[in-house]
Amino acid sequence: MSLNLDEKKAVVTEVSAEIAKAQAIIVAEYRGLEVGNMTNLRREARKAGVYLRVLKNTLARRAVEGTPFAGLSEHLVGPLVYGISPDPVATAKLLNDFAKSNDKLVIKAGAMPNVVISAKDVKALATMPSREELLSQLLGTMQAPIAQFVRTLNEVPTRFVRGVAAVRDKKEKEGAAA
């Protein structure tokens, strides 16, 4: 089913809005992928917050034209699914993990602002921790000295209480023995 001019403009506008928020675009060829598998991929993409769409390549070229992702235009050949996300690792992980279990999905290329990356680079990007994981690691690293400081401050009164309790127990023993 072909789109009329207004529908094409609407698609380009929608995709351009997603690209404006994006930090990564990953393209993968889906030739031969069954509908059920594509539905599962879309479901996983929604969960991961990744905008996933099958587009005509000419519309995709128009959408990336004049953006930091314009270099990706030369890789837009064949039946492609586009993964667009503000989290580059999430997009790469989603498509890479899905490609591992479905050999019909082949990652072709990707782009980050002003940089086009190969399929090999996309796989390397997929092995990195996500933004949330990195932030939690950073927070844990930042909290460690504070937590140790609090434990150290808490140790002083704790030792004092233990010392007083030991003196009390010793006097009770002496009093019971006498």
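The values are calculated or read from the model by the stated rules, or taken from the named source; none is laboratory data. On a predicted model such as this, the values are computed, not experimentally measured, just so you know. As a convention, Cβ positions derive from the backbone with ideal geometry for all residues, glycine included, and neighbour counts pool all protein chains shown.
For the range 121-128, does any single residue satisfy the condition of being within 30 Å of Met38 (Cβ to Cβ), touching a strand residue (DSSP E or B) at 6+ places or on another chain (Cβ under 6 Å) and either surrounded by fewer than 10 Cβ atoms within 10 Å (Cβ to Cβ) or not small (Gly, Ala, Ser) (or both)? Looking through the range 121-128, at least one residue is within 30 Å of Met38 (Cβ to Cβ), touching a strand residue (DSSP E or B) at 6+ places or on another chain (Cβ under 6 Å) and either surrounded by fewer than 10 Cβ atoms within 10 Å (Cβ to Cβ) or not small (Gly, Ala, Ser) (or both).
Checking each residue in the range 56-85 for being closer than 14 Å to Glu18 by Cβ and outside any helix (DSSP H, G or I) picks out Thr67, Pro68, Phe69, Val81, Tyr82, Gly83, Ile84, Ser85. For the range 107-139, the set of residues classified as touching a residue at least 40 places away in the same chain (Cβ under 8 Å) and among the hydroxyl-bearing types (Ser, Thr, Tyr) consists of Ser130 only.
Residues are listed down the side, and each one gets a yes or a no for (1) basic (Lys, Arg); (2) over 17 Å from the mean Cα position of the chain (by Cα):
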{"site": "Val122", "(1), (2)": "no, no"}
{"site": "Leu135", "(1), (2)": "no, no"}
{"site": "Leu138", "(1), (2)": "no, no"}
{"site": "Ala144", "(1), (2)": "no, yes"}
{"site": "Glu155", "(1), (2)": "no, yes"}
{"site": "Thr158", "(1), (2)": "no, yes"}
{"site": "Val161", "(1), (2)": "no, yes"}
{"site": "Lys171", "(1), (2)": "yes, yes"}
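Selection of the range 5-34 for residues being in a helix (DSSP H, G or I), touching a Ser or Thr at 6+ places or on another chain (Cβ under 8 Å) and in contact (Cβ under 8 Å) with a residue 60 or more places away in the chain yields only Ile19. Which one of these is of a type outside the set (Gly, Ala, Ser) and either in contact with a helix residue (DSSP H, G or I) (Cβ under 8 Å, 6 or more places away or on another chain) or farther than 23 Å from Gly49 by Cα (or both): Pro113, Pro145? Only one candidate passes the filter, namely Pro145. For the range 58-73, the criterion of being at pLDDT below 90 and under 12 Å from Ala28 (Cβ atoms) is met by no residue.
So which of Ser16, Ser2, Ser85 is of a type in the set (Ser, Thr, Tyr) and at pLDDT below 85?
Ser2
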